[in-house]
Amino acid sequence: MKKIIILLLAMLVAFGASACNNVTTQKEIDNIINDNEISVDIEETTDDINYDKISVYMEEECKNAFTPYYELLDFEILDYQEEVVNGNVEAIFLYKLTHKNYDKDPDTVEYIKEAKERGGRNYQQLYDEYLQPKEMNFQLKAIIDKNDLITLYSNISPKGIEWKEVKMSDFIIRK
């Protein structure tokens, strides 16, 4: 009986010692995971800062360019990709600007009045669509230089990629 008790105590001590080693190992693993999470968070913060700079810049540029013509409803950056090239941050993204005409009676708008007077078939469609939200979509590249200045480029190629420096006001159709 004493032999069985000693054997059980020996197994309990051996099990306890191995469990302590596993706890230590688990703590080490947790520390490694935490260290990796901290470094990932730092990288994401840098990307987030640049994303935020571009987001603020784009919203301000759109307001300056389009508010004389439209009520701006939403600004959205999609498919954001960023890399550092020659010390500058280059971000390529799709930009969706949702807008609508300012609230007023569509029958007071010149082209809708003309369609009504001519009895045009598309009068009702023009009338109905006048106050509906619409989208403008752009494929853009923003470069943030070492001085934190942002330069905007648009892809002007219908097939492929050809970047040309632009301002948002370049997208206003003028007579």
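Some values worked out for this structure:
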| read-out | value |
| --- | --- |
| Evaluation of residue 23 against (1) modelled with pLDDT of 90 or more; (2) loosely packed, with under 12 Cβ neighbours inside 10 Å; (3) in a helix (DSSP H, G or I) (one fails), failing number | (1) |
| Among residues of the stretch 52-84, those that are β-branched (Val, Ile, Thr) and either assigned to a strand (DSSP E or B) or modelled with pLDDT under 95 (or both), counted | 2 |
| Pair list, Cβ under 8 Å, 6 or more apart: the stretch 120-131 residue in contact (Cβ under 8 Å) with a residue 12 or more places away in the chain and aliphatic (A, V, I, L, M), other residue in a loop (DSSP other than H, G, I, E, B) and open to solvent by 80 Å² or more (accessible area, probe 1.4 Å) | 131/103 |
| Hits in the stretch 85-106 - residues which are among the aliphatic types (A, V, I, L, M) and outside any strand (DSSP E or B) | none |
| Residues of the stretch 57-69 satisfying the condition of being of a type outside the set (S, T, N, Q) and open to solvent by 70 Å² or more (accessible area, probe 1.4 Å) | 60, 63, 68, 69 |
| Among residues of the stretch 138-160, those that are surrounded by 11 or more Cβ atoms within 10 Å (Cβ to Cβ) and either in contact (Cβ under 8 Å) with a residue 60 or more places away in the chain or under 20 Å from the mean Cα position of the chain (by Cα) (or both), counted | 14 |
| Residue 47, sole failed condition from (1) in contact (Cβ under 8 Å) with a residue 12 or more places away in the chain; (2) open to solvent by 80 Å² or more (accessible area, probe 1.4 Å); (3) out of contact with any Leu (no Cβ under 8 Å at 6 or more places or on another chain) | (2) |
| Where a residue in the stretch 50-74 is under 13 Å from residue 144 (Cα atoms) and its partner, wherever it lies, is in a helix (DSSP H, G or I) and open to solvent by less than 50 Å² (accessible area, probe 1.4 Å), with Cβ under 9 Å and at least six apart | 58/168 |
| Odd one out for residue 89, checked against (1) open to solvent by 60 Å² or more (accessible area, probe 1.4 Å); (2) in contact with an Asp or Glu (Cβ under 7 Å, 6 or more places away or on another chain) | (1) |
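Yes/no matrix, rows are residues, columns are (1) under 25 Å from residue 72 (Cα atoms); (2) surrounded by 13 or more Cβ atoms within 10 Å (Cβ to Cβ):
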position: 97; (1), (2): yes, yes
position: 134; (1), (2): yes, no
position: 162; (1), (2): no, no
position: 173; (1), (2): yes, no
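The values are calculated or read from the model by the stated rules, or taken from the named source; none is laboratory data. Bear in mind the structure is a predicted one, so any value in this text is a computation, not a measurement. All Cβ positions, even for glycine, are placed from backbone atoms using ideal geometry, and neighbour counts span all protein chains on display. SASA here: full protein model, heavy atoms, side chains in, ligands and nucleic acids out. Shrake-Rupley method; radii C 1.70, N 1.55, O 1.52, S 1.80 Å.
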